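Laboratory data are not the source of any read-out in this text; all were calculated from the coordinates shown. Quick caveat: nothing in here was measured; it's all calculated off a predicted structure. Here Cβ is always computed from backbone atoms with ideal geometry, including for glycine, and neighbour counts include all displayed protein chains.
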Amino acid sequence: MLPADPAGLAAAAALLRQGQLVAFPTETVYGLGADALCPEAVAAIFAAKGRPAEDPLIVHVAELAALPRVVAMVPPLAQQIGAALWPGPLTLILPRGPQVPLAVTAGRETVAVRVPDHPLARALITATGRPLAAPSANRFGHTSPTTAAHVLADLDGRIAAVIDGGATQLGLESSVLDLTTSPPTLLRPGGVSLEQLRALLGEVALAPRQSSAAGMASPGLLERHYAPESSLWLVVGPADPALAWLRSRTEQELAAGRRVGLLLCDEDAQALAHLAADCERLGSSSDLAQIARQLYAALRALDARQPDLILARDLGCNGLARAISDRLTRAAAGRVVHLKDTETRR
């Protein structure tokens, strides 16, 4: 564990220049950093995480002006978006520069790149003197880390160090926008909302979900991702019927002798407080930023208590709720109940 001070940054940068792996905080989640231009260091990321080679990595640079180090060209649209939204939780898909190993991009001729909005992250990139490939610092497919302790819970003994920068501010991964399509395509919702992107760019398409990593231009697109060890069920629909479903399903499971975990906004938690279930509160439904910030930490805390199943409610698709819904849907891995037709997809 390295401190978030000049000495800690210097030690981390030295490790990265040696080709080793260092986890560090960004405004989204903790990233597992390696020299993005060193094939051996990139390979070490995949080994440490147990990540399939067909799942690409995001390259982090310290500023917009550093884009030519990793991309073949900087189109005017990328310049416009970068000037408006970087540093920030937005990743752009652009043509790969020849200096970026194909292992970073899963063999594709496009590369995912962003400028993180965290002073420690940018300082580390600058001190290292290299762009950093940095997926989330957890075992592949598991819940992303928002504290240094989460990183060590997954990767202790597999990486050289982690910089302890406290809890992350946003708590969800970056949005991913593909600029190689016309119109641009939002591949993954995140900290920059679809509404923000459309206000800036006009038309922005939404990508359909994929069931395989093959051919993916971005990480985080698998049907099962961000998942706890316990089975998570997500109910989608209007608030009142969804709450009724949660109450009924919890009562059924408790009557059968199973331990139920509830991952709920404060209002739902209050409504179900009479049930003998283990509940993690995310914050008020009116404060989506708080819910996003708490989501992964609450899911990890609940999962650590080993319930037989976890139940959660979808909060819609407006603004940041779209990203929260995306993460919960992938964490549920097909166990999604749509109240319009009451069908359960497995």
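Some observations on this one:
- Extreme residue, positive dipole direction of the chain, given options ALA66, CYS38, PHE140 (C-beta unit charges): CYS38
- Size descriptor for the range 63-171, Kirkwood hydrodynamic radius: 15.3 Å (Cα pairs only, one decimal).
- Diffusion coefficient, µm² s⁻¹, Stokes-Einstein with Kirkwood Rh over alpha-carbon pairs of the range 30-69 at 37 °C and 0.692 mPa s: 291 µm²/s
- Net charge of neighbours whose Cβ lies under 10 Å from the Cβ of GLU280, counting Lys and Arg as +1 and Asp and Glu as -1: +1
- Amide H contacts under 5 Å for SER285: ASP266, GLU267, restricted to partners 5 or more places along the chain or on a different chain, H placed in the peptide plane at 1.01 Å from N.
- Averaging Cα coordinates gives a centre for the range 13-29 and one for the range 124-140; these two points are 5 Å apart.
- Cβ-based charge dipole, the chain, positive-most Cα from GLY334, ALA244, LEU315: GLY334
- MRE, 222 nm, helices only [DSSP H, n ≥ 4, -39500 (n - 2.57), over the chain, to nearest 500]: -9500 deg cm²/dmol
- Couplings 3J(HN,Hα) for the range 118-124, derived from phi with the Karplus relation 6.51 cos²θ - 1.76 cosθ + 1.60 (θ = phi - 60°), are 9, x, 5, 5, 5, 5, 5 Hz, where x marks Gly and Pro.
- Across the chain, Cα-Cα distances exceeding 38 Å account for 15% of all pairs.
- Size-normalised alpha-carbon gyration radius of the range 226-326, reference 2.2 N^0.38 Å: 0.99
- Stretchable slack from LEU102 to GLU267, in nm (0.36 nm times residue separation minus alpha-carbon distance): 54.7 nm
- DSSP beta bridge pairing in the range 229-346, given as percent antiparallel to the nearest 5: 15 percent
- For LEU177, distant residues with modelled amide H under 5 Å away: THR91, LEU92, ILE93, LEU187
- Shown for the range 31-101 is the translational diffusion coefficient from the Stokes-Einstein equation, using the Kirkwood radius over Cα pairs, a temperature of 10 °C and a viscosity of 1.306 mPa s: 119 µm²/s.
- Phi angles across the range 66-81 convert, under the Karplus curve 6.51 cos²θ - 1.76 cosθ + 1.60 with θ = phi - 60°, into 3J(HN,Hα) values of 8, 3, x, 5, 10, 10, 6, 7, 10, x, x, 5, 5, 4, 5, 5 Hz, Gly and Pro given as x.
- Residue among SER286, PRO101, PRO184 farthest towards the positive dipole end of the chain, charges placed on Cβ: PRO101
- The range 238-307 - charge dipole about Cα centre, Lys and Arg +1 at Cβ, Asp and Glu -1, debye rounded to 20: 280 debye
- Inverse of mean 1/r across different Cα pairs in the range 1-154, Kirkwood, Å: 15.3 Å
- About the centre of its Cα atoms, the chain shows a dipole size close to 520 debye [charges on the beta carbon of Lys, Arg (+1) and Asp, Glu (-1) only; nearest 20 debye].
- Rounded to 0.05, the FRET efficiency of the SER182 and LEU309 pair, given R0 = 45 Å and the Cβ-Cβ distance, is 0.55.
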